[in-house]
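See below for the structure under consideration.
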Amino acid sequence: MSFEKKRLNITDQVTGRFTEGQLNLFFEKEQIGTMCFGQNGNQLSLKNGYEEENHSFFKYADTLSNNDEKYVDCDEENGWC
């Protein structure tokens, strides 16, 4: 098994709280970014591993991949692979 990066759509799980003139964005109780509102437009800032595209939020996560099948039919009892 190996790990691969997957882009997960988390839009429905992102919540926001207004604090001190900005919107703090959360995913699973972790703050993932902020949105500031100003006369020059809105500014969105997200932590590494998160992004916004077309009004949706995405998280990049390591997921297990079964693409690495070089060790098959292992005999763990006798210690060989």
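Coordinate-derived values only; no laboratory data. Remember, it's a predicted structure, so these values are computed and weren't measured experimentally. Note that each Cβ is placed from the backbone with ideal geometry, even for glycine, and that neighbours are counted across all protein chains shown.
Placing a pseudo-label 7 Å from each Cα along the Cα-to-Cβ vector at Ala61 and Leu44 gives an inter-label distance of 2.0 nm. Under the combined filter of DSSP loop state and at most 10 neighbouring Cβ atoms within 10 Å, the range 17-67 retains these GluC sites (Glu not before Pro): Glu20, Glu28.
Modelled spin labels at Phe37 and Leu8, positioned 7 Å past Cα toward Cβ, are 3.0 nm from each other.
Once you have a ≥ b ≥ c as the square roots of the Cα gyration tensor eigenvalues for the range 2-62, tell me rounded if a/c is under 1.5, and otherwise prolate or oblate according to whether a/b is larger than b/c. Prolate shape, in that a/c is at least 1.5 and a/b is the bigger ratio.
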